[in-house]
Amino acid sequence: MIERTLVLIKPDGVSRHLIGEIIKRFEQRGLKIIGLKMTKSDDQRASKHYNDDIAKKHGHEVRNRLIAYVNDGIIVALVLEGIDCINVVRKICGSTYPNEASLGSIRGDYAHISKDYANSNNKNVKNLVHASGSLEEAKEEIKIWFNDNELFNYEGDHEKYI
């Protein structure tokens, strides 16, 4: 099934000059970039992205740190499209916690902080990227970061590259 997903290259990925390397990994797998922009977040947008479900699951302190993290600098937002795109992108990114991510994944190759270290030191888990976790989540998150007129439609072009 052709799916769409959102990826955010977070401020640490941008400031470390990893934008090209991160995008390259998605393109090498045959995923199509149908939306791409460099932007800054604000409290309103970040609060929609890291909504109350995050607070219920991880606590308000973690949610507040995530909002501060994404608002801390420039981000690059991408909408990717492809077959089983959400699962493919999640594998490319690796585990949310970099110290648990496999080598060869974005987080496994470029980050190393653990959840325990971050929590015990009141720090964010700087993990370079966000990737939607499900089809429903992707649909909602794409709406937060992109308008419909900012997305390109390949109209079935995927079959040429399978």
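The values are calculated or read from the model by the stated rules, or taken from the named source; none is laboratory data. From a predicted model like this one, the values you see are computed outputs, not experimental measurements. Cβ atoms come from the backbone with ideal geometry, glycine included; neighbour counts cover every protein chain shown.
Things worth noting here:
- Verdict on ASN122 being of a type outside the set (A, V, I, L, M) and outside any helix (DSSP H, G or I): yes
- In the range 26-60, of all residues being assigned to a strand (DSSP E or B) and of a type in the set (D, E, K, R), the one that is surrounded by the most Cβ atoms within 10 Å (Cβ to Cβ) corresponds to LYS32.
- Of all residues in the range 62-81, none satisfies the criterion of being in a strand (DSSP E or B) and at pLDDT below 95.
- If the condition is being outside any strand (DSSP E or B) and of a type outside the set (Lys, Arg), then the range 1-22 contributes MET1, PRO11, ASP12, GLY13, VAL14, SER15, HIS17, LEU18, ILE19, GLY20, GLU21, ILE22.
- Taken across the range 94-112, residues that are under 15 Å from ILE9 (Cβ atoms), more than 14 Å from the chain's Cα centre (by Cα) and either polar (S, T, N, Q) or part of a helix (DSSP H, G or I) (or both) do occur, with at least one present.
- The single condition among (1) within 20 Å of ASN147 (Cα to Cα); (2) crowded, with 20+ Cβ neighbours inside 10 Å that VAL89 does not meet is (1).
- Every residue from the range 68-86 that is over 14 Å from the mean Cα position of the chain (by Cα) and buried (at least 21 other Cβ atoms within 10 Å of the Cβ): GLY82
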